[in-house]
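First comes the structure, then the notes that go with it.
Every number here is computed from the coordinates shown, using simple stated rules; none is lab data. Please read all numbers here as calculations on a predicted model, not as lab measurements. Positions of Cβ are backbone-derived with ideal geometry, glycine not excepted, and every protein chain shown enters the neighbour counts.
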Amino acid sequence: MKTIGVPGKFVAKANRSPAIQSGASDAVRNEQAESHTDRLCSFPPIEDTRAKVLILGSMPGKESLRAGQYYAHRRNAFWPIMGELLGADPALPYESRIRLLKSAGIAVWDVLASCTRVSSLDSDIEEAHANDFESFFLTHPGITHVFFNGAMAEKYFRTLVLRLLEPRLLRYQRLPSTSPAHAAISYKQKLDAWKVVIPTDRQPSAHQSPSIGSQF
């Protein structure tokens, strides 16, 4: 079984799999990602030890795995939203967008370290293994808020991660998925909901943005 993606340093030891060579061409990644027997690995987190907010997806889709970038699908609303909120516009180089997220105190990761999946749909995920969040939170003590990019990220965190964590004061909230598959609400509604991810010390004091989702 092949492995697509690059396991990060916070992947639980039991979940580590050998990664493909980081220098593999896009064509090779394309070919590998189409295999129905591949084991997919999520990316290392976008993180800074000063992070205050953690945004969690479930597992990168095929376009992201091919590009080696978070939320690489051109119709995913994540980077357009980050562009409006932080200036991390999708037209900027990926590394520039990452720097803007870090400077805003925002970390990005996925709940799952690895899984098998025959498409980019979360509903096709099988054999899921979670990332090592206990170690992550220990090395990022400033994080106070965890936001889930859609219902499936929250589901996997609840079932695979939450019961294993030491008690800590964290606020959890589900936000509408930025995936193009989640078309039940408009882009503007998603943008309004996602305004809550901006750390409070960077938000205008006179404005309180509405949110969509659930807390637990």
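Quick notes
- Surface/4 estimate of mean projected area, convex hull on alpha-carbon atoms of the stretch 79-120, nm²: 4.0 nm²
- At R0 = 35 Å, FRET efficiency that the Cβ-Cβ distance of R75 and T49 yields, to 0.05: 0.60
- Sorted by Cβ neighbour density within 10 Å, fewest at the top, the residues C41, C115: C115, C41
- Ranked by how many other Cβ atoms sit within 10 Å of their own Cβ, fewest first, the residues T178, T200, T116 fall in the order T200, T116, T178.
- Per-residue Cβ neighbour rank within 10 angstrom, fewest leading, Y156, Y172, Y187: Y187, Y172, Y156
- Distant-in-sequence amide H partners of R39 (H built 1.01 Å from N, under 5 Å): K2, T3, I4
- Every Cα-Cα pair of the stretch 39-87 was included, and the share exceeding 12 Å stands at 69 percent.
- Rounded to 0.05, the FRET efficiency of the L165 and E63 pair, given R0 = 22 Å and the Cβ-Cβ distance, is 0.10.
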